[in-house]
Amino acid sequence: MRQKRIKYVTIDLLKEHGVITEVKHLDLPKDKKVFLEIGSGKGQFITSLAKDHPDDFFIAMEVNKYVIYRILEKKLELKLDNLMIVLGDAKDLETYMLNHKIDQLYLNFSDPWPKTKHHKRRLTFPSFLRLYLKVLKPQAILQFRTDHLNLFLDSLEYMETYFDIMDVTYDLEPSTYMTEYEEKKRVLGPIYQLKGKVKQDDSKDI
Ligand SMILES: C[S@@+](CC[C@H](N)C(=O)[O-])C[C@H]1O[C@@H](n2cnc3c(N)ncnc32)[C@H](O)[C@@H]1O
């Protein structure tokens, strides 16, 4: 996501406002459903969900510190006590989630990495899916949305191995919860959505 450098945004400033900036075990509520979005961008999707579902707990994970500041602004404005912001990389998920499991994972408009030699960087690539299985509850759902047809079709293929596919939509209707990218991209063409539930056998001991 393109986001200019913001001079006053420092790790210390983010920390002061409760953003998790180190790779460590997250302290999450045991009695609540936990929803995670990886690559949250400016955070419109996850902050809207958190606002409308105060009894659930949400995590926004994003690797860019300037983009994450935009999520923080929304969290502070909406006073979202049920949203944790993590400045971090999906590759470290196992450490973050050592003591907890996720109920639902959202990947919205993940970078498409169109060149074959870069496919392994895609957040839906099999190596990432196997990592997600380690932190998802047995019945958990992964929801993936994109405007990039090739990424979508490849992701369907990747996901079929590890998830029971519940929904494949080639022209998603607008909804209450849309990311900044979705709002921009839907005027240019269709939005694709995939949903899958963890396959029982693959959820164990990977
Ligand atoms: C194309 S943007 C989409 C942002 C947002 N989901 C939206 O739809 O508006 C992809 C985002 O994923 C983040 N990202 C990419 N790889 C990541 C990773 N391994 N872990 C966490 N965030 C990542 C990028 O920094 C970027 O903000």
Please verify whether segment 35-53 includes one or more residues that are among the hydroxyl-bearing types (Ser, Thr, Tyr), within 16 Å of the ligand (Cβ to nearest atom), crowded, with 18+ Cβ neighbours inside 10 Å and outside any helix (DSSP H, G or I).
yes
Qualifying positions in segment 53-79 - in contact (Cβ under 8 Å) with a residue 12 or more places away in the chain and charged (D, E, K, R):
ASP55, ASP56, GLU62, LYS65, ARG70, LYS74, LYS75
I need the strands (runs of 3 or more DSSP E) fully contained in segment 71-172, keeping only those with at least 1 residues that are away from the ligand (no atom under 16 Å from the Cβ) and within 19 Å of GLY196 (Cβ to Cβ).
102-108, 136-146, 163-169
Looking at LYS42, LYS74, LYS101, which is the one that is closer than 15 Å to TYR177 by Cα and either touching a Lys or Arg at 6+ places or on another chain (Cβ under 7 Å) or β-branched (Val, Ile, Thr) (or both)?
LYS42
Being farther than 21 Å from LEU98 by Cα, in contact (Cβ under 8 Å) with a residue 24 or more places away in the chain and of a type in the set (Lys, Arg) is the filter here, so list the residues in segment 120-146 that pass it.
ARG122, ARG145
Under the condition of being modelled with pLDDT of 95 or more, among the aliphatic types (A, V, I, L, M) and within 15 Å of the ligand (Cβ to nearest atom), which residue from segment 1-34 is surrounded by the most Cβ atoms within 10 Å (Cβ to Cβ)?
VAL19
Count, please, the residues in segment 159-190 that happen to be over 17 Å from the mean Cα position of the chain (by Cα), closer than 22 Å to GLY41 by Cβ and surrounded by 13 or more Cβ atoms within 10 Å (Cβ to Cβ).
5
Pairs with Cβ under 6 Å, 6+ apart, first in segment 99-111 and free of Cβ contacts under 8 Å to residues at least 40 places away in the same chain, second of a type in the set (Gly, Ala, Ser) and within 15 Å of the ligand (Cβ to nearest atom)
none
Residues of segment 54-82 being touching a Phe, Trp or Tyr at 6+ places or on another chain (Cβ under 6 Å) and surrounded by 23 or more Cβ atoms within 10 Å (Cβ to Cβ), which ones?
PHE58
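The values are calculated or read from the model by the stated rules, or taken from the named source; none is laboratory data. None of these values were measured; they are calculated from a predicted model. We place every Cβ from the backbone using ideal geometry, glycine too, and count neighbours over all the protein chains shown.
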